[in-house]
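In what follows, a structure is listed as structure tokens, so that the remarks can point back to it.
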Amino acid sequence: MSQEIVTRRVTAPEIRIRKGGEPIVALTSYHANTARIVDQHADILLVGDSLAMVLYAMESTLGVSLDLMIAHGRAVVRGSKRAMVVVDMPFGSYEESPEIAFRNAARVMQETGCGAVKLEGGVRMADTIRFLIERGIPVMAHIGLTPQSVNTLGGFKTQGRDTALWPLIKADAKGVSDAGAFSVVLEGIVEPLAAEISREIAIPTIGIGGSVECDGQILVLEDMLGYNPKPPKFVKVYGAVGTAIDEAVKAYADDVRSRKFPGDENVYLPK
């Protein structure tokens, strides 16, 4: 009798010990179809609140609800087997107090089956990160350009261009590391600062617009696949899926209008 091979998921402790080792591969995923594909290659699947803009055409991530993140998180978990699934905590779901953060994060973990949550903020969120971890919830931190703070940052601006601010950003990185986060996303941080942080803190850094010296990298899947006609500078486009979809849909539309589709091979015929 053949035995089914059980695939074990990557865990937060396994990511943490990758510090300084083999680079960590992370990508966003918002639904089961992409999760099935990306799962074969990535260590981490991030169900990012960036789905607000990528899937729902919102102007920022601020309009995402906890229910929406849970729905997409559940789909990604169901569509994957090996990668660690991390779900973003949406704006307003964790900032008020550690207790409220725990209640909402516990709900995310219970209802999606994900392996960790991610929340934005450095020193100011250290107590909350520690509170969650002490209660069994692994946390990925996120500092630098934090999209949920877009209104206070004055837009999606690169962080660290003014070297006078470097100590504050470094303090954020050390703060989340000391609080127990198993990794930290460094977004939109100037390259030399991202490199320094990666060398100085004890947990893996995951860069997005950071440095090749980060312990791993993450991109929005749709950006690297070529859906976005004007991707950010930090994106390397690895495919032309947007063009391929356009060409496929055009070919389908042409066949329908010229009555080439459906052909005999696409319809049911009597015996």
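The values are calculated or read from the model by the stated rules, or taken from the named source; none is laboratory data. Here the structure is a predicted model, which means the values were calculated and not measured. FYI the Cβ positions are ideal-geometry reconstructions off the backbone, even for glycines, and counts take in every protein chain you see. To get the accessible areas, we keep the full protein, side chains included, count just its heavy atoms, and leave off ligands, DNA and RNA. Shrake-Rupley method; radii C 1.70, N 1.55, O 1.52, S 1.80 Å.
Rounded to the nearest 20, the Cβ-based charge dipole of the chain about its Cα centre (Lys and Arg +1, Asp and Glu -1) stands at 440 debye. List the aspartates and glutamates whose Cα lies under 14 Å from the Cα of K233, skipping any in the same chain that are fewer than 8 positions away. Qualifying aspartates and glutamates at Cα under 14 Å: E187, E191, D223. Here's the list of aspartates and glutamates a cross-link from K81 could span, going by alpha-carbon distance under 15 Å and ignoring same-chain residues fewer than 8 apart: E4, D39, D43. Working note: Cα atoms of the stretch 48-127, range along each principal axis, descending, whole Å: 34, 29, 19. Looking at the chain as a GNM with Cα springs under 10 Å, which of G136, G175, G121 has the largest mean-square fluctuation? Checking each option, the largest mean-square fluctuation is seen for G136.
Taken over the Cα atoms of the chain, the convex hull encloses 175 Å³ per residue. Using the Cβ of T61 as centre and a radius below 11 Å, the other residues enclosed give a net charge of -4, where K and R count +1 and D and E count -1. Scanning the chain for GluC sites (Glu not before Pro) lying in DSSP loops with no more than 12 further Cβ atoms inside 10 Å, the longest uninterrupted stretch between such sites is 97-271. When the chymotrypsin sites (Phe, Trp or Tyr not before Pro) in the stretch 109-187 are filtered for DSSP coil states and for at most 16 other beta-carbon atoms within 10 Å of their beta-carbon, the remaining sites are F156. Spacing of the modelled spin labels on V267 and D67, each 7 Å from Cα toward Cβ, amounts to 4.4 nm. FRET efficiency for the pair A164 and E213, taken as 1/(1 + (r/R0)^6) with r the Cβ-Cβ distance and R0 = 25 Å, rounds to 0.65. Annotation for the stretch 188-236 versus the stretch 115-137: alpha-carbon center distance of 21 Å. Of the cross-linked pairs K118/K170; K19/K236; K174/K236, those separated by over 22 Å at the C-alpha level are K19/K236; K174/K236.
Between K174, K260, K19, find the one with the highest GNM mean-square fluctuation for the chain; connect C-alpha pairs within less than 10 Å. Maximum fluctuation in the GNM of the chain, among the listed residues, is at K260. For the stretch 80-87, putting each phi into the Karplus relation 6.51 cos²θ - 1.76 cosθ + 1.60 with θ = phi - 60° gives couplings of 10, 10, 10, 5, 6, 9, 10, 10 Hz, in residue order, rounded to whole numbers and with x for Gly and Pro.
Accessible area per residue for the chain is 53 Å², calculated with a 1.4 Å probe on protein heavy atoms, without ligands, DNA or RNA. Which distance in nm do the two modelled labels at M58 and V249 give, with both placed 7 Å along the Cα-to-Cβ direction? About 2.3 nm, to one decimal.
Using a 1.4 angstrom probe on heavy atoms only, work out the carbon and sulfur share of the accessible area of the stretch 12-240 in %. That share works out to 55 percent.
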